[in-house]
Amino acid sequence: MKERALLVDLRRGEELRRELVSRGALRTDLAIFEEQGRLVFPLRAGAEVPSDWGEVGVREFDPREAGGPTDFRQLLDWPEGQKAALPRSFDIVGDIVLVRLPAELEARRFEVGEALLRFVPGARLVGLDRGVHGTERRRSVERLAGQGPWTTRHRENQLELDVDVEQAYFSPRLAREHARVASEVRAGDRVYDLCCGVGPFALTIAREQRAASIVAVDLNPVAVELLRRTLARYPFGGRVTPREQSLEAFAPSAPAVERVVLNLPREGIKYAALVATLVAPGGRLTYYEILRRDERAGRGAVVERTLADAGRFVVEEVRVVHPYSPASDLVAVVVDRPE
Ligand SMILES: C[S@@+](CC[C@H](N)C(=O)[O-])C[C@H]1O[C@@H](n2cnc3c(N)ncnc32)[C@H](O)[C@@H]1O
């Protein structure tokens, strides 16, 4: 049958299949196939996919032979009212599935775990995601189904990152942002990845091999150790210097560089002011914050005023990365320091 299709580069096939599954965008009743070096995925009606994932077209698909469920909710023999409260989407980190549930479904959480374990191809462990907490933004997770440790290897942007979903922050929803920031790094730029976690920004930048040097700083020893492990597996690993240190200890004696990335959205502008002096003339700071939607239009002027003590800065854009709550977004604030 003819259906909407997404055609993606074979090298990104596994990563994007997982993204499609976790967004509920993949038709699992039809067979994926290969066409001239690209994988062809059948899309669910109305599914939106970012334009940089590949080409969207129409293709003829065969039904999948196994004919399994097309949605994990079909595996739960629950009254429709209760099913309606189940989330459509969930996160996949390596072979671990993380799901958030509304309070009214807590009592049935283990059934949800078993359903997800059966539904997601290659899943080993399913956890209930109770959110991140504390300075190190560690995630509280409860095992719902499956077995083994919370450590895994996660594929994104043609990299395989060592991750511990419980002991160090990592979000599979930022892959495009990591790639975007890496693509903006110019030849010879020196880079700081501040609050680097397990290092997705630093690694993606290093993989592109344009940066002259990359220093990645985080105060969580587990995160830094995971980054070291990933770096040891890549020939470009030597371009990154991991440092287990707080920003407050690192910033005062660090020389200014051309690119600074700071991903500590809860602290947002407060930490941006602390690190602005680390941006050399002609350089750029990209930092993240959680911003109320009605504050976005005026944010550039607020940021420029706040950073004025550190020098003249120009806000290039305040860009939405993804929605955060009904009234707020995670935004990237891109700030240039003119020559
Ligand atoms: C939201 S996570 C971002 C991780 C990573 N950049 C990413 O995109 O996946 C924030 C990180 O900042 C670290 N952190 C928090 N406060 C810090 C500080 N004062 N100095 C250094 N690192 C800090 C935490 O340990 C955590 O790994």
Give the residues of segment 214-235 that are closer than 18 Å to Arg153 by Cα and among the hydrophobic types (A, V, I, L, M, F, W, C), sorted by residue number. Val222, Ala223, Val224, Leu226, Leu227, Leu231, Ala232
Got a sec? Which of Gly146, Gly127, Gly199, Gly131 is within 11 Å of the ligand (Cβ to nearest atom) and either crowded, with 20+ Cβ neighbours inside 10 Å or among the small types (Gly, Ala, Ser) (or both)? Gly199
Given (1) charged (D, E, K, R); (2) more than 11 Å from the ligand (Cβ to nearest atom); (3) crowded, with 18+ Cβ neighbours inside 10 Å; (4) not assigned by TED's automatic domain parsing to the domain that holds Leu330, Arg137 misses just (2)
Out of everything in segment 153-169 that is in a loop (DSSP other than H, G, I, E, B) and over 22 Å from Lys270 (Cα atoms), what residue ends up being nearest to the chain's Cα centre (by Cα)? Asn157
Find the strands (runs of 3 or more DSSP E) located wholly in segment 13-102 whose residues include 3 or more that are closer than 24 Å to Ala115 by Cα and under 25 Å from the mean Cα position of the chain (by Cα), and list them. 91-93, 96-99
Please verify whether Ser253 is among the small types (Gly, Ala, Ser), within 15 Å of Val217 (Cβ to Cβ) and modelled with pLDDT of 95 or more, treating the condition exactly as stated. no
Note on Arg173: of the conditions (1) surrounded by fewer than 20 Cβ atoms within 10 Å (Cβ to Cβ); (2) over 15 Å from Val240 (Cα atoms); (3) away from the ligand (no atom under 12 Å from the Cβ), unmet is (3)
Looking at Ala179, Ala103, can you tell me which residue is out of contact with any Leu (no Cβ under 9 Å at 6 or more places or on another chain), more than 25 Å from Leu231 (Cβ to Cβ) and either aliphatic (A, V, I, L, M) or within 16 Å of the ligand (Cβ to nearest atom) (or both)? Ala103
Here the residues within segment 305-339 that are under 22 Å from Val185 (Cα atoms) and among the charged types (D, E, K, R) are Arg312, Glu316, Glu317, Arg319, Asp336, Arg337, Glu339
Please go through segment 253-271 and give me each residue that is more than 19 Å from Gly199 (Cα to Cα) and more than 13 Å from the ligand (Cβ to nearest atom), ordered by number. Ser253, Pro255, Ala256, Ile269
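For (1) over 20 Å from Val93 (Cα atoms); (2) more than 13 Å from the ligand (Cβ to nearest atom); (3) in a loop (DSSP other than H, G, I, E, B), each residue gets a yes or a no:
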site: Arg186; (1), (2), (3): yes, yes, yes
site: Tyr192; (1), (2), (3): yes, no, no
site: Val215; (1), (2), (3): yes, no, no
site: Val224; (1), (2), (3): no, no, no
site: Leu231; (1), (2), (3): no, yes, no
Where the second residue is of a type in the set (Ser, Thr, Tyr) and near the ligand (Cβ under 8 Å from one of its atoms) and the first is in contact (Cβ under 8 Å) with a residue 40 or more places away in the chain and in a strand (DSSP E or B) and lies in segment 246-259, which pairs have Cβ atoms under 9 Å and are six or more apart or on separate chains? none
Just the residues that are under 24 Å from Val93 (Cα atoms) and surrounded by fewer than 20 Cβ atoms within 10 Å (Cβ to Cβ), please, taken from segment 44-63. Arg44, Ala47, Glu48, Val49, Pro50, Ser51, Asp52, Trp53
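The values are calculated or read from the model by the stated rules, or taken from the named source; none is laboratory data. None of these values were measured; they are calculated from a predicted model. All Cβ positions, even for glycine, are placed from backbone atoms using ideal geometry, and neighbour counts span all protein chains on display.
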